[in-house]
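Just below is one structure, and these are the notes that go with it.
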Amino acid sequence: MTVVVSRRGRHLAALFTALVLLAAPLTACTTNTCEGDRGGSTVCVNSGSAPDADAKYKQQVVAACGQLRAASQWDPPADRESGRLAYNKKKVLATLRNTYAEYQGALDTLWRQATPGPFKERQLTAKAAGDAWLADVDRLFKRAEVELPDPIPIDGYYVLSDAKETASRQEFLQAMTALGEKECSLEAATAS
């Protein structure tokens, strides 16, 4: 079978081929960084992720920090069951367990997210720091179960304040700040 192509048909085919060849580097670079013209061709360097994916991931990290901060903002439930103002140990421990579960849930959700290439190393660091911090928090909560009297006197709440002062907490917050490229804090924002 012989196919006869007119001169105009050959011109259109050549034009179409040229457009395809020009468009190929453009479509190949949609998730890459393209560097100028080198010897007549565009060079694409894979940066590991698209800018939109990077921004979305940073937003997810910032949102996780917000969830952690919200879980940290609770007042111990005080009552007068003992005839004096004190903290009900059972209620305090239940609140602590809920807080820990919220911490764990927020971090588990973040760690399940796809991590763009530029963030993978920082994510591993933040996850390890988060695991260490949660282990410290869990130890402190278990310590509170044993050491705190029932009812807990207003001035006897010291054991729980230790949870705010752990070195692992500071390392975790620094790692999350580096991961999200925005300060991660568990303290309530103060108006200035």
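Observations on the model:
- Qualifying residue in the range 85-96 (condition: touching a residue at least 24 places away in the same chain (Cβ under 8 Å) and under 21 Å from S185 (Cβ atoms)): yes
- Boolean, E171 is surrounded by fewer than 18 Cβ atoms within 10 Å (Cβ to Cβ), modelled with pLDDT of 95 or more and not in a helix (DSSP H, G or I): no
- Residues located in the range 96-152, provided they are at pLDDT 90 or above and of a type in the set (V, I, T): T99, T109, T115, T125
- Subset tally (residues that are within 14 Å of L148 (Cβ to Cβ), of a type in the set (G, A, S) and outside any helix (DSSP H, G or I)) for the range 79-108: 2
- When restricted to residues that are farther than 18 Å from L140 by Cβ and either in contact with a helix residue (DSSP H, G or I) (Cβ under 7 Å, 6 or more places away or on another chain) or open to solvent by 40 Å² or more (accessible area, probe 1.4 Å) (or both), the range 79-123 contains 23.
The values are calculated or read from the model by the stated rules, or taken from the named source; none is laboratory data. What you are looking at is a predicted structure, and each value in this text was computed from that prediction instead of being measured. A quick note on method: Cβ atoms are made from the backbone with ideal geometry, for glycine too, and the neighbour counts reach across all protein chains shown. In case anyone asks, the SASA skips ligands and DNA or RNA and just uses the protein heavy atoms, side chains included. Shrake-Rupley method; radii C 1.70, N 1.55, O 1.52, S 1.80 Å.
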